[in-house]
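Down below is the structure, laid out as structure tokens.
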Amino acid sequence: MKIGIYAGSFDPITNGHMDIIERASLLVDKLIVAVLCNPSKSKGMFSIEERLLFLEESTKHLKNVEVEFFSGLLVEYAVKKNANVLIRGLRIVTDFEYEMQMAQINKNLLPTLETILLIADVQHAFLSSSMIRELATFKGDTSGFVPQCVTKYIENKL
Ligand code: ADP
């Protein structure tokens, strides 16, 4: 059984993440979407519980997708989950260097774990969670960029 992990901050999930999740779910038998607490990033706008809620709601139509929280080293988590591949999304050039570094380090730590970089759809190539956070802060319309449940939540809460 091929098990993939798609890890990220998802603060919040965007249509770009959704596109990667949907495409990756066709490549593996089981896809684990892992919300990680990244110590190098600030606390974020949405709590881990909120991020998990958005992801669960947005992926409920995908039967082989599971959503989980994790902290710590990604390769250790992959071993625990018996995962074979790490899925990442690759947007415009700016992602390239970081994603290459991550893939190289993870390959060194655990050579049997492959990283698959899925090229972002052109429609989402410039879309980021940080843009959504900015839009939300200034009460901008997020509906074209995130799943409906996120827009609704932002409108009600912020
Ligand atoms: P991280 O904090 O690990 O960068 P993100 O939630 O920002 O987590 O992103 C998780 C993964 O999704 C990364 O591989 C990132 O490149 C990818 N990603 C982010 N936004 C998009 C998008 N609009 N289209 C495709 N992939 C994306």
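Computed from the coordinates by the stated procedures, all read-outs in this text should not be read as laboratory data. All values reported here derive from a predicted model rather than from experimental measurement. For neighbour counting, all protein chains shown are included, and Cβ atoms are generated from backbone atoms with ideal geometry for every residue, glycine included.
Looking only at Cα atoms, what is the convex hull volume of segment 79-158 per residue, in Å³?
Working: hull volume 10.5 nm³, N = 80.
So the per-residue hull volume is 131 Å³.
Using the reciprocal of the averaged 1/r over all distinct C-alpha pairs, how large is the Kirkwood radius of the chain in Å? All intermediate terms of the calculation are to be shown ahead of the outcome.
Working: mean 1/r = 0.0626 Å⁻¹.
It is 16.0 Å.
Give me the Kirkwood hydrodynamic radius of segment 114-158, using the inverse of the mean 1/r over all pairs of distinct Cα atoms, in Å to one decimal.
Details: mean 1/r = 0.0849 Å⁻¹.
When all Cα pairs of segment 114-158 are included, the Kirkwood radius is 11.8 Å.
For segment 113-126, just list the computed ³J(HN,Hα) in residue order, Karplus coefficients 6.51, -1.76 and 1.60, θ = phi - 60°, integers in Hz, with x standing in for Gly and Pro.
8, 8, 9, 10, 9, 9, 5, 4, 4, 3, 4, 10, 5, 10
Could you tell me the distance between the Cα centroids of segment 122-138 and segment 1-64, to the nearest Å?
16 Å
Output wanted: per-residue J couplings in Hz (rounded whole) for segment 82-88, from phi through Karplus 6.51 cos²θ - 1.76 cosθ + 1.60, θ = phi - 60°, x for Gly and Pro.
6, 7, 9, 9, 9, 9, 9
Counting only other residues whose beta carbon sits under 14 Å from that of Ser143, what net charge do I get with K and R as +1, D and E as -1? Let's see the in-between values first.
On the way: positive: Lys139, Lys152; negative: Asp141, Glu155.
Local net charge: 0.
Using +1 at the Cβ of each Lys and Arg and -1 at the Cβ of each Asp and Glu in segment 31-137, identify which of Thr59, Gln101, Leu127 lies farthest towards the dipole's positive end.
Gln101
Between Leu62 and Thr115, what is the spin-label point distance in nm, taking each point 7 Å from the Cα along the Cα→C-beta axis?
Label at Leu62, label at Thr115, 2.0 nm between them.
What per residue convex hull volume, in Å³, do the alpha-carbon atoms of segment 50-97 yield?
Numbers: hull volume 6.3 nm³, N = 48.
Once divided by residue count, the hull of segment 50-97 is 132 Å³.
Treating only the Cβ of Lys, Arg, Asp and Glu as charged (+1, +1, -1, -1), what charge dipole size does the chain show about its Cα centre? Round to the nearest 20 debye. List each step's numbers first, then the result.
Working: 17 positive and 19 negative charges, 40 e Å.
Approximately 200 debye in magnitude.
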